[in-house]
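Following: one structure in structure tokens, then a few remarks.
Readers should treat all values here as calculations from the given coordinates under stated rules, not as data from a laboratory. Bear in mind the structure is a predicted one, so any value in this text is a computation, not a measurement. Positions of Cβ are generated from backbone atoms using ideal geometry, with glycine treated the same way; all protein chains shown enter the neighbour counts.
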Amino acid sequence: MVHYLHQDHLGTTSLQTTQSGAFAGASFHAPFGDTWHIQGSALGAGQSATDHRYSGQRSLEAGLGNLYHYQARWYSPVLGRFLSPDPTVPDP
């Protein structure tokens, strides 16, 4: 089944619809990207048809919650910060 992903102003995937436009699921996020709630998914409670989440980034389920990879470094929504220094800044 084909699902369409709809994003908010930050690029966060917040709504999923089917080919016919019917509701297929929604996800809600805290201010720093932690997933609050996933609703209405055909996959079951708390499951999403996509791993594209906060600001359109793919999430990796880890022991400390979701981690997001922003090409050059990892971000933790639980901590609300990146887990390593910015590689473009010399000697931070």
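With the simple spin-label model, which puts each label point 7 Å out from Cα in the Cβ direction, the residue 84 to residue 30 separation comes to 2.4 nm.
Could you give the length gained by full extension between residue 73 and residue 91, i.e. 0.36 nm per residue of separation minus their alpha carbon distance, to one decimal place?
Numbers: separation 18, 0.36 × 18 = 6.48 nm, distance 1.57 nm.
Contour length minus Cα-Cα distance gives 4.9 nm.
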